[in-house]
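Contents: one structure, followed by commentary.
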Amino acid sequence: MRRYWGTVALLAFAALLGLYFVFIETPRERARSDQQQREGRVLSLTEDEVTKIEIETPTDRLVLERGDGGAWRVSAPVSAEADEGTVRRLLSQLTSLSVVRPIEDVDDPAALGLDQPAVRVIAHRFEGRAEVAFGDENPAGSGVYVQRDDRKVFLTATTAKSTFEVSRDDVRRKEFIDFKPEAVTEIAITHRGRSVRLHREGAEWRMAQPSRTADPDTVSSLLSRLRALRATGFADTVEQRDALRVSGKPRTDIEIIAGDDLMRVAFVAAADGSLYARASGDTLYRLNESVVNALPLDASALRDLRVVRAAFDDVRAVDVERGQERYRVTRGEGGWELDGRLLADEGTREVEAMIRSLTALRGESVAAETPAALPANTFASPAVRVVLLGTADRQLAAVTISAASGERRYAVSESSGPVFSVPPATVERIPSKSALESHLAPAS
């Protein structure tokens, strides 16, 4: 047993050394690191403990307060939701304000611009508050003077001051229309004297009077872009709104029904030509007019221009009539087959490119509501007719594409009705039978 005492002693020493590092040296090192970090910052603050921020300039005073749920609001000079991104930047800068170097023996704060600071920031926390004032840049241009509420002065990064040079508009939430796009069931739009009403039917959207299909992607885009509209300015007071002299008749009125909620927004023009929105409450929100002009707000912009309403993965077979040629391609276990003969990779790529182009085909415009509204010979000798089939030969879509008429070509789906103008090159994406026969797989 005596011969193991040395080993036991070494193990005991190692254990004691480990305990020393765990319980004494590591906490001591962490404390030193924390102390160095605190000494390297102007304020000893964490973001979570800040409950209120006051920002004072010679001309304005802004107050931001954290609510019970953690959301920030502007409480002065107006009451409004705060812009969360701006608040995060302010908190991050406030809690990480670095000391470039301390400034000793400051006899005249006015010489550093600290007698009437350009910006004063007061951070309130659960217990007490911390204050910092920003003065002038130092002559070397390497930083800006900052004074703490204990009268100590430091040099900090120049960019820190600009972070707090914010206006009341900067700190406000810019989005002012709030609804859940997926919950919307009805939309009514009156735009420049013309009205359109849409309602959701399952995954589809339809327009009323006359009843037509709306493009679901376009409607979805409209809802998303409305919800994301951002104000570039605000008119809160009666005096501010009166000075704008906005038109009594809105250029655009929109009503959105989402469940039991009804949301209204109106776009109105001011006397100087700028565009504002009126939503809930009295505030007018200034908008970027080019963003509003890009919204699809009339029946023609919302119209469903899909020629084919079928998904690529649902297509199991395709019947093609092109001139005197007729052929069928079928999705088999071994790949695509032409009239029962397996196609090589190049042939498969051509077939799949054809199907993808057809299932993605959209008209450039609606040429007519029915083929009868066009000249009688428009579809007399079509360039091609394609039928897309699903499982059990169920017809998914049947599309006829006219011969070229100058730079125009028309397409009509036998299920949807309208005649669409389509790019002339549409037919080029449909291979001829002879082209596919040149890509048959070698016989095994």
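From the phi of every residue in the stretch 418-428, what ³J(HN,Hα) in whole Hz does the Karplus formula 6.51 cos²θ - 1.76 cosθ + 1.60 yield, where θ is phi - 60° and glycine or proline is x?
x, 9, 10, 7, 10, x, x, 6, 4, 5, 5
Tell me which residues come under 5 Å, amide H to amide H, from A367 once H is placed; ignore anything under 5 positions away on its chain.
The answer is V419, F420, S421.
Using only the alpha-carbon atoms, what does the stretch 131-205 span along each of its principal axes? Please give whole angstrom values in decreasing order.
Computed over the stretch 131-205, the largest-to-smallest principal extents equal 67, 27, 19 Å.
So how compact is the stretch 183-255: Cα radius of gyration and Dmax in angstrom?
Both quantities, over Cα of the stretch 183-255: 15.8, 47 Å.
What's the FRET efficiency of S247 with E65 using the Cβ-Cβ distance as r and R₀ = 41 Å, to the nearest 0.05? Provide the component values of the computation, followed by the final result.
Working: r = 36 Å, r/R0 = 0.88.
It comes to 0.70.
Scale the Cα Rg of the chain by the rule-of-thumb value 2.2 N^0.38 Å and send over the ratio, two decimals. Display every interim value, and only then the final one.
Numbers: Rg = 35.0 Å, N = 444, 2.2 N^0.38 = 22.3 Å.
The reported ratio for this selection is 1.57.
Enter the angle in degrees (range 0 to 90, nearest 10) between the Cα long axis of helix 216-227 and the first principal axis of the Cα atoms of the chain, meaning the one along which they spread out most.
20 degrees
With +1 on the Cβ of every Lys and Arg and -1 on the Cβ of every Asp and Glu, and nothing else charged, how large is the dipole of the chain about its Cα centre, in debye rounded to the nearest 20?
Numbers: 60 positive and 68 negative charges, 162 e Å.
Computed charge dipole of the chain: roughly 780 debye.
Under a 5 Å amide H to amide H cut-off, with H placed in plane at 1.01 Å, what residues pair with I103 once short-range neighbours are removed?
Those qualifying (amide H under 5 Å, at least 5 residues apart or on another chain) are V153, F154, L155.
Compute, for the stretch 266-384, the length of the dipole vector about the Cα centre, with Cβ point charges of +1 (Lys, Arg) and -1 (Asp, Glu) only. Units Debye, rounded to 20.
Numbers: 14 positive and 19 negative charges, 32 e Å.
Its charge dipole is roughly 160 debye.
Taking only Cα atoms, what is the 0 to 90° angle, nearest 10, from helix 26-39's long axis to the longest principal axis of the chain?
Orientation of helix 26-39: about 90 degrees from the principal axis.
Which value, in debye to the nearest 20, gives the size of the charge dipole of the stretch 29-154 about its Cα centre, when Lys and Arg are +1 and Asp and Glu are -1 at the Cβ? Could you put the intermediate results ahead of the total?
Working: 17 positive and 25 negative charges, 60 e Å.
Roughly 280 debye, rounded to the nearest 20.
For the stretch 50-148, state the average projected area of the convex hull of the C-alpha atoms over all orientations, rounded to one decimal in nm².
Working: hull surface 29.8 nm².
Average projection, Cα convex hull of the stretch 50-148: 7.5 nm².
Toward the positive end of the charge dipole of the stretch 243-356, about the Cα centre and with charges on Cβ (Lys, Arg +1; Asp, Glu -1), which of G334, V268, V320 goes farthest?
Result: V268.
Per the 1.4 Å probe, what fraction of the accessible area of the chain, in percent, lies on carbon and sulfur atoms? Present the calculation step by step, with values, prior to reporting the outcome.
Numbers: 11770 of 24520 Å².
Heavy-atom surface of the chain belonging to carbon and sulfur, 1.4 Å probe: 48 percent.
For the stretch 327-336, in order, what is each residue's ³J(HN,Hα) by Karplus, 6.51 cos²θ - 1.76 cosθ + 1.60 with θ = phi - 60°, in whole Hz (x at glycine and Pro)?
My calculation for the stretch 327-336 gives 8, 10, 10, 10, 7, x, 5, x, x, 7 Hz in order.
Which ³J(HN,Hα) values in Hz, rounded to whole numbers, follow from the phi angles of the stretch 126-141 under the Karplus curve 6.51 cos²θ - 1.76 cosθ + 1.60, where θ = phi - 60° and Gly and Pro get x?
Going residue by residue, I get 4, 10, x, 8, 10, 10, 9, 10, 9, x, 8, 6, 6, x, 7, x Hz, with x marking Gly and Pro.
Among A76, T163, A353, whose Cα lies farthest out toward the positive end of the dipole of the chain, if unit charges sit on the beta carbon of Lys, Arg (+1) and Asp, Glu (-1)?
Of the candidates, A353 comes out farthest on the positive side.
Sort 104-113, 68-77 by packing, meaning the average of other beta carbons within 10 Å per residue, with the highest value first.
Details: 104-113: 11.7, 68-77: 13.3.
Descending mean neighbour count gives 68-77, 104-113.
The values are calculated or read from the model by the stated rules, or taken from the named source; none is laboratory data. Predicted, not measured: the structure shown is a model, and the values here were computed from it. Backbone-built Cβ (ideal geometry, glycine too); neighbour counts: all protein chains shown. The protein model used for the area step is the full one, side chains on, heavy atoms only, and it has no ligands, DNA or RNA in it. Shrake-Rupley method; radii C 1.70, N 1.55, O 1.52, S 1.80 Å.
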